[in-house]
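Report on the following structure.
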Amino acid sequence: MPSRQFGVMAALPINANRRRMEDKCPVLVTGGAGYIGSHAVLALRDAGWPVAVIDNLVTGFRFAVPEDIAFYEGDIADQALLTRIIAEQKIGAVMHFAGSVVVPESVENPLEYYHNNTAKSRDLIEAVVKAGVRHMIFSSTAATYGTPDVSPVSEDTPRHPINPYGWSKLMTEQMLADTAAAHDLNYCTLRYFNVAGSDPQGRSGQSTAGATHLIKVAVEAALGKRDSVGIFGTDYDTPDGTGVRDYIHVSDLAAAHVLALEALIAQPDRSLTMNCGYGRGFSVMEVLDAVDRVTNRKITRVKAPRRAGDPDSLISDPSRIKTTLPWQPQHADLDAIVAHALAWERKLGEMSGNT
Ligand code: UFG
């Protein structure tokens, strides 16, 4: 049945709510050993969903996936493997996180990004449709908006990516929409704003070496893993001149995925596209102040030139996700996001023997 795109879903009848709680199909998480994927695995598992993971471990970590989760090391473009996993695990839904996520890398090597993010997603979607899996959740990005001249940014803001990373994700959004219109599939595209923090129970976090994201960089500096933090531009059109972003805690983001899955199953003829952010922004200075507060230290700040392609401010309009899902963020406090990022950074240090 073709799927329709709705911004706001009608309230679910009570018996539909009950039915969906009993109907927890096994979920395949692609990229489940990565930063956001591993948190989604934990959120699904905590909520009682059977989970399987496929990850090629190019940027993911085996330790990020709990031992009791079925784990397949492999590529999402390997259709034979996917077909086997879907049959073996009786997969009823796919959450798709696997892909490459470094914006400057995508500018240097666009074809790699179109391969990893777009071409391989095409193969994955084909395997999903052929195997009769009916629900898919896709990890998209605010980078699909490029540098919007409105703030906050709603889902209807024109998508004008300014780098291959954003395009590679937007193309996949389009493939999903076209496929859902033609086949028995509904999907939810979630466009993430700035994801940060780590699992409050310390089970996962951002483990990537050489990460470029502000909060990760800042907590590394606070723990002496870096000498300083560069402030990329102090002449933006923002209250203190530094870039403003909508930082969302990774566990709140993971929770949104579980709720989106329930919504897809409850209303299988509807697809959704939603921003994932809180609707408020913090400047680079405010983030660094928070890191200083949480660590009770002062990290060294170094003024640096603007980074190419950075918008002044990027803040989500969260109206749609708030009216569509019963999503109640638990960790929106910036200091909590920083504290969790810091706790994971310490744990990584212990794991590698450098406390
Ligand atoms: N920044 C610094 N110093 C640093 C790192 C970042 O000043 O060392 C600044 C940036 O200039 C920006 C803000 O901190 O103003 C946030 O930068 P991040 O690199 O943490 O995140 P981005 O906003 O650049 O990127 C995020 C996602 C991308 C996504 C993009 C959409 O991480 O995946 O938003 O615009 F593509």
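A short reminder: the numbers here are calculations on the coordinates, not readings from a lab. Note that the structure is predicted; figures quoted are calculated from it, not measured. Because the Cβ atoms are built from the backbone with ideal geometry, glycine has one as well, and the counts that use them run over all protein chains shown.
Size descriptor for segment 186-294, Kirkwood hydrodynamic radius: 15.9 Å (Cα pairs only, one decimal). Segment 238-253 and segment 59-87 have Cα centres spaced 32 Å apart. Working from Cα positions, state the angle (0 to 90°, nearest 10) between the long axis of helix 79-89 and the longest principal axis of the chain. Helix 79-89 and the main axis of the chain meet at about 80 degrees. Seen against the Cα atoms of the chain and their longest principal axis, helix 35-46 is set at about 50 degrees. Only alpha carbons enter this Debye calculation for segment 279-322, each as an equal point scatterer, and the log10 of I(q)/I(0) it gives at q = 0.17, 0.34 Å⁻¹ is -0.69, -1.17.
Restricting the count to DSSP beta bridges whose residues both fall in the chain, what percent are antiparallel, rounded to a multiple of 5?
Details: 2 of 42 bridges.
If we restrict to bridges inside the chain, about 5 percent are antiparallel.
Dimensions of the chain along the principal axes, based on C-alpha atoms and rounded to the nearest Å, stand at 55, 46, 44, largest first. Between the Cα long axis of helix 284-295 and the first principal axis of the chain there is an angle of about 80°, rounded to the nearest 10.
Amide H contacts of TYR192 (H built 1.01 Å from N, in plane; Pro and chain starts excluded): SER140, THR141, ALA142, CYS276 sit under 5 Å, all sequence-distant by 5 or more or on other chains.
First check a/c for segment 239-286, with a ≥ b ≥ c the square roots of the eigenvalues of its C-alpha gyration tensor; if it is under 1.5, answer rounded, and if not, answer prolate when a/b is larger than b/c or oblate otherwise. Walk me through the numbers before you get to the answer.
On the way: a/c = 6.21, a/b = 2.88, b/c = 2.16.
Verdict is prolate for segment 239-286.
Suppose the Debye formula is applied to equal point scatterers at every Cα of segment 241-355; what is log10 I(q)/I(0) at q = 0.10, 0.12 Å⁻¹? With one equal scatterer per Cα and no solvent, log10 I(q)/I(0) is -0.42, -0.59. Based only on Cα atoms, what Rg/Rh ratio does segment 14-159 have, Rh being taken as Kirkwood's radius? Taking Rh as the inverse mean 1/r over Cα pairs, Rg/Rh reads 1.00.
Over the residues of the chain, the helix contribution to mean residue ellipticity at 222 nm works out to -11500 deg cm²/dmol, using -39500 (n - 2.57) for each DSSP H run of at least 4. Each residue of segment 113-120 was assigned a 3J(HN,Hα) from its phi angle through the Karplus expression (A = 6.51, B = -1.76, C = 1.60, θ = phi - 60°), giving 5, 5, 6, 5, 9, 9, 4, 5 Hz with x at Gly and Pro. Using a cut-off of 25 Å between Cα atoms, the listed pairs LYS130/LYS322; LYS169/LYS225; LYS216/LYS322; LYS225/LYS347; LYS90/LYS120 include LYS130/LYS322; LYS169/LYS225; LYS216/LYS322 as exceeding that distance.
Sparsely packed loop sites in segment 61-119 (the chymotrypsin sites (Phe, Trp or Tyr not before Pro) outside DSSP H, G, I, E and B with at most 12 other Cβ atoms within 10 Å) do not occur.
Estimate the FRET efficiency between LEU57 and ALA177 by the formula 1/(1 + (r/R0)^6), using the beta-carbon distance for r and 22 Å for R0, to the nearest 0.05. Numbers along the way, then the final one.
On the way: r = 30 Å, r/R0 = 1.38.
Between LEU57 and ALA177 the formula returns 0.15.
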